[in-house]
């Protein structure tokens, strides 16, 4: 089975080296692809010099969705069986990868690493959890399935999911919306508990007034997606 | 009734504008598919100015007292249509640019891998 970890990064020079080393130590047999989304800092050089996996440098900044979709396309072209998507800020513990892959073996098309099932590790801020629970309810309404951590960017995808996301993937703030895309295309979505860590350096991509825009955009996108026919 | 002087000025301006657009398309400076909406708007204005009764008719239909307001409303209508068409084209271009950027990134990496195996 060919497995690939995809990590989109945008100006993460301080975190990405640490993330890559962690992956190399925990799962040295899995290929790694970093997609540098047109960073203006030294992310690309840090990734190349780490010697872990391959690095795609996008010539322009597409946003996290466009960058991650590049990874799915690469996986599709290179015939990978499993893609594990992680964030480049060190929130995701590579030790959980095997657990997620085993869910795919048991028949899931998409496995999400949720920080809220057991409630261990970094639980995000209070305001964010309110936002997440709102999105949880909309997705539950649209898909009829409970997904406790719809904003988690820590996921494992099988071939069916890879092919779907290579073709169709939301461009900005893609996590919740891509669940609807998956659900509407009859993918089987499962969740397992994972422990997340707080990001070490730098700020999250969403904060302040952005979060208002985030909530409105994600809500609308989910509702519109729910209306579109396959 | 629309003022005669306004009518003549509008007609002349619209006609010049149409001729200019067609010339631009002929010189390949503009893409005809994106210019169609401008052509229709220009033609619409010309029709309104040649047939003064048209304005009065629309004004009566919409209960607008001053015919000149109907003229303004028609122009605003054309503008909204044009701006919307731009948003549509922009969205399409956004998709195109995204796909190109993604594929270019992948091709660059594949090229890099080939170079590595050769050296």
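For the residue pair residue A:118 and residue B:104, what label-to-label distance in nm results when each label sits 7 Å from Cα along the Cα-to-beta-carbon direction?
Computed distance between label sites residue A:118 and residue B:104 equals 4.5 nm.
Can you pull the Rg over Rh of the range A:3-227, Cα-only, Kirkwood?
Working: Rg = 16.1 Å, Rh = 17.4 Å.
My calculation puts Rg/Rh at 0.93.
How big is the Cα convex hull of the range A:102-153 in projection, averaged over all directions, in nm²?
Values: hull surface 16.8 nm².
The Cα convex hull of the range A:102-153, projected and averaged over all directions, gives 4.2 nm².
If you line up the Cα atoms of the range B:4-90 on their principal axes, what length do they span on each, largest first, in Å?
Each principal axis gives a Cα extent; for the range B:4-90 these are 42, 27, 13 Å.
Give the calculated FRET efficiency between residue B:5 and residue B:65 to the nearest 0.05, with a Förster radius of 35 Å applied to their Cβ-Cβ distance. It would help to have the intermediate numbers written out before the result.
Values: r = 21 Å, r/R0 = 0.59.
Using R0 = 35 Å, I get an efficiency of 0.95.
Using R₀ = 25 Å, calculate the FRET efficiency as 1/(1 + (r/R₀)^6) where r is the Cβ-Cβ separation of residue A:186 and residue A:130; round to 0.05. Each step should come with its number before you reach the end.
Numbers: r = 31 Å, r/R0 = 1.23.
Rounded to the nearest 0.05, the efficiency is 0.20.
Among B:92, B:28, B:108, which one shows the highest mean-square fluctuation when chain B is modelled as a Gaussian network with alpha-carbon springs under 10 Å?
B:108
For chain B, set up a Gaussian network in which alpha carbons nearer than 10 Å are linked by springs, and say which option among B:106, B:82, B:48 fluctuates the most.
For chain B, modelled as a Gaussian network with Cα springs under 10 Å, the answer is B:106.
What ratio of Cα Rg to 2.2 N^0.38 Å holds for the range A:75-122? Each step should come with its number before you reach the end.
Working: Rg = 12.3 Å, N = 48, 2.2 N^0.38 = 9.6 Å.
Taking N as the residue count of the range A:75-122, the ratio is 1.28.
Starting from the coordinates of the alpha-carbon atoms of the range B:73-119, obtain the Kirkwood hydrodynamic radius over all distinct pairs and give the value in Å to one decimal. Walk me through the intermediate numbers first.
Working: mean 1/r = 0.0735 Å⁻¹.
This gives a value of 13.6 Å.
Extension gain residue A:228-residue A:212, at 0.36 nm per residue separation less the Cα-Cα distance, in nm?
Length gained between residue A:228 and residue A:212: 3.3 nm.
Rounded to two decimals, what is the ratio between the C-alpha radius of gyration of the range A:66-176 and 2.2 N^0.38 Å? Please report the intermediate quantities before stating the final value.
Values: Rg = 14.1 Å, N = 111, 2.2 N^0.38 = 13.2 Å.
In units of the globular-protein estimate, the range A:66-176 measures up at 1.07.
Roughly speaking, what is the stretch gain from residue B:97 to residue B:22, that is 0.36 nm per residue apart minus the C-alpha to C-alpha distance, in nm to one decimal? Intermediate values should be presented prior to the final figure.
Numbers: separation 75, 0.36 × 75 = 27.00 nm, distance 2.84 nm.
Here the answer is 24.2 nm.
Starting from the Cα of residue A:60, step 7 Å toward the Cβ, then list every residue of the range A:9-29 with an amide N under 19 Å from that point.
A:9-11
What ranking do A:39, A:178, B:74 get, fewest neighbouring Cβ atoms within 10 angstrom at the top? If you can, show how the numbers build up before the last one.
Numbers: A:39 21, A:178 27, B:74 18.
Listed from fewest to most nearby Cβ atoms, that is B:74, A:39, A:178.
Nearest 5 is fine: what % of DSSP beta bridges in chain A come out antiparallel, could you say?
Values: 7 of 27 bridges.
Around 25 percent of the beta bridges assigned by DSSP in chain A are antiparallel ones.
Could you check which residue among B:11, B:78, B:94 shows the biggest mean-square fluctuation in a GNM of chain B with a 10 Å Cα cutoff?
In this elastic network of chain B, the residue with the biggest mean-square fluctuation among B:11, B:78, B:94 is B:94.
Order by neighbour count: B:84, A:116, A:134, fewest other Cβ atoms within 10 Å first, most last.
Values: B:84 11, A:116 20, A:134 14.
Final ranking by Cβ density, sparse to dense: B:84, A:134, A:116.
Would you mind ranking B:87, B:70 so that the residue whose beta carbon has the fewest other beta carbons within 10 Å leads the list? Please report the intermediate quantities before stating the final value.
Numbers: B:87 9, B:70 22.
Lowest to highest Cβ neighbour count: B:87, B:70.
Measuring from label point to label point, each 7 Å out along Cα→Cβ, what is the residue A:220 to residue A:137 span in nm?
2.1
Using R₀ = 30 Å, calculate the FRET efficiency as 1/(1 + (r/R₀)^6) where r is the Cβ-Cβ separation of residue B:115 and residue A:168; round to 0.05. Spell out each step's value before the answer.
Details: r = 32 Å, r/R0 = 1.08.
Plugging the Cβ-Cβ distance into 1/(1 + (r/R0)^6) gives 0.40.
Throughout, read-outs are computed from the coordinates displayed, never taken from laboratory work. Just so you know, these numbers come straight off a predicted model, no measurement behind them. Note that each Cβ is placed from the backbone with ideal geometry, even for glycine, and that neighbours are counted across all protein chains shown.
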